[in-house]
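Student: Before we start, here is the structure in question, set down as structure tokens.
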Amino acid sequence: MTEYQSGSLSKSFDDLQYIPKREFHSLEYSLPPSKSHMIRILALSAINHGVCKISFTGSLGKDIESMINSLQSIGVKISQQIHNDETTLTIYGIGKDGFSAENLTVDCGNSGTALRIVMGLISSMKDKITIIGDDSLSRRDNESMINSLLEANVSVDKIGENNLPLEIEGPWFNGNEVNRVISLDCSKSSQPLTSWMIASSLFPCNVDLKISGPMVSNRHYQLTKQLCNKYGAAIVKSNDGYKLNKWDVSLPDEIIIPGDSSMASFAILLTKLHSCKIELFNWPTNNDSLGNEILYDSSNDLGISWEKNVISNIDEGEFSNYDLTNCNDLITPLAVIISLGGGGEITGISHTVYKESNRIKRTLELLDNFGLKSIYDGQKIIIEGGQKLVEPSLPIHCHDDHRLFMTAAILMTKFGGDLIGKGLHCVADVDFLTRLGID
């Protein structure tokens, strides 16, 4: 067993990636470990009293590595052991001893989830910690999380014109044990709520959290609540938010991480584009699919046969509505899939403008780059079915967004060509290009 050491974290994704023309007849497609589950479990393991082993199949994406690096920077010991296709991380939780400033700068890479959770963890510390990230993360909005921290007597200072770096200095509520009421805007993202739920184990007092704005990404904050309550919390919903009472994290000796269901959208896009048969591995249960089970439930509308773990293209499919309120990461690959299939409307996507890129704008742009027509009316994207790809005349810019890159890479296998954003797939799925036979 060795101390976990990650590869280097890129600050930008400006280099060209050439995608050769390829044909696919059959393919094995193994989903990477779910970063939504992994990042949350890593955070809980860090404040657990004792040792927890996290086991998974596949390779870790850079977002998960960013979370590991961040925890190591504040004194959490993490080691790894690899046996065949399975990897085990061993996390030595700090319990109530508190984090230590092993490094006064914490790098969250490209991961918005890691950033918001780490902001909550660091707010328990008396040290002034600087949080940095790559170019994309440094542009993303943190206003909701920052405002809630300031209300909790945590010092937060923005350095420079971008949203990162940030300097954060706690502790929460100045260590005061008097119960508090805090407001939190969740209209752009549920990640601040996730951060507050996890960090509540470190609070000196109970908190009545008042939620404002329409909730988005419901399955993700529900996952956080489920995990916290499973491992020691008693988070309950109130009329206008959540009651966060003090609690101790108590994890089992081992936790197994499911596959990332959102990544199955790229397997479906492959079979739709190349009419190939795909054997899909590591698909999770519905409970762990975080809304992405819409892919399986809508397979007939998509013109896809999904029998056990075998996916194949059977027909054009049917025009249908796809509500992505709880699974907005599907917007880009799904838009292409239905343009090649039976068409449809994509709704519940307003909050995707706050992702790595403005995903509505960039999805429409990507469709247009490949000659696919769509209409956005301010609330939904309407896409006609049965469309044909057109070869792009210029390299495709992926705007620091790994899901744009992965979608564009699959489309480019029909023609061969360049993408701007080399390495972006590594954010979530290190083996993506290798799986496609691309170096």
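Student: Only residues that are on the phi > 0 side of the Ramachandran plot and touching a strand residue (DSSP E or B) at 6+ places or on another chain (Cβ under 8 Å): list them for region 153-194, please.
Tutor: Start the filter on region 153-194 by keeping residues that are on the phi > 0 side of the Ramachandran plot, which leaves 153, 160, 173-175.
Within region 153-194, just Phe173 meets the criteria.
Student: Go through the residues of region 328-349 one by one and say whether even a single one is closer than 24 Å to Ser312 by Cβ, part of a strand (DSSP E or B) and touching a Gly at 6+ places or on another chain (Cβ under 7 Å).
Tutor: Checked region 328-349: at least one residue is closer than 24 Å to Ser312 by Cβ, part of a strand (DSSP E or B) and touching a Gly at 6+ places or on another chain (Cβ under 7 Å).
Student: Give the residue that is nearest to the chain's Cα centre (by Cα), with candidates limited to residues of region 405-431 that are acidic (Asp, Glu) and in a loop (DSSP other than H, G, I, E, B). Give the steps one after another, and end with the answer.
Tutor: First pass over region 405-431, keeping only residues acidic (Asp, Glu): 418, 429, 431.
From what's left, in a loop (DSSP other than H, G, I, E, B): 429, 431.
Details: Asp429: 11, Asp431: 17 Å.
So the residue we want is Asp429.
Student: Another one. Could you tell me which of the residues Asn153, Asn147 is part of a helix (DSSP H, G or I) and closer than 22 Å to Leu244 by Cβ? Lay out the reasoning, then the answer.
Tutor: Values: Asn153 fails: part of a helix (DSSP H, G or I).
Exactly one residue qualifies, and that residue is Asn147.
Student: Just need a number here: residues in region 264-297 that are among the charged types (D, E, K, R) and surrounded by 23 or more Cβ atoms within 10 Å (Cβ to Cβ).
Tutor: Step one: of region 264-297, the residues among the charged types (D, E, K, R) are 272, 277, 279, 288, 293, 297.
Next, only the ones that are surrounded by 23 or more Cβ atoms within 10 Å (Cβ to Cβ) stay: 272.
Residues meeting the conditions: 1.
Student: OK, next. Look through Asn218, Asn162, Asn147 and report the one residue that is under 18 Å from Tyr354 (Cα atoms) and outside the structural domain of Leu115 (by TED's automatic domain parsing).
Tutor: Values: Asn162 fails: outside the structural domain of Leu115 (by TED's automatic domain parsing); Asn147 fails: outside the structural domain of Leu115 (by TED's automatic domain parsing).
None of the other options fit; the residue is Asn218.
Student: I'd like to check something: does region 348-363 contain any residue that is farther than 14 Å from Gln379 by Cα, among the small types (Gly, Ala, Ser) and surrounded by fewer than 21 Cβ atoms within 10 Å (Cβ to Cβ)?
Tutor: no
Student: Further, regarding this structure: Name the residues in region 234-263 that are assigned to a loop (DSSP other than H, G, I, E, B) and buried (at least 23 other Cβ atoms within 10 Å of the Cβ), would you? Step through it out loud before you land on a result.
Tutor: Filtering region 234-263 for residues assigned to a loop (DSSP other than H, G, I, E, B) gives 234-235, 238-240, 245-253, 257-258, 260.
Val249, Leu251, Ile257, Asp260, listed by residue number.
Student: When the residues of region 170-193 are narrowed to those that are of a type outside the set (Asp, Glu) and in a strand (DSSP E or B), which ends up nearest to the chain's Cα centre (by Cα)? Explain how you work it out, then say what you get.
Tutor: So in region 170-193, the residues of a type outside the set (Asp, Glu) come out as 170-176, 178-184, 186-193.
With the extra rule that they be in a strand (DSSP E or B), the set shrinks to 180-184.
On the way: Arg180: 30, Val181: 29, Ile182: 26, Ser183: 24, Leu184: 21 Å.
Step by step, filter region 170-193, then rank; the result is Leu184.
Student: Quick check on my filter: what residues within region 153-173 are closer than 14 Å to Val207 by Cβ and free of Cβ contacts under 8 Å to residues at least 40 places away in the same chain?
Tutor: Those that are closer than 14 Å to Val207 by Cβ and free of Cβ contacts under 8 Å to residues at least 40 places away in the same chain: Asn153, Val154, Phe173.
The values are calculated or read from the model by the stated rules, or taken from the named source; none is laboratory data. Quantities reported herein were computed from a predicted structural model and do not represent experimental measurements. Cβ sites come from the backbone with ideal geometry, for glycine too, and all protein chains shown count toward neighbours.
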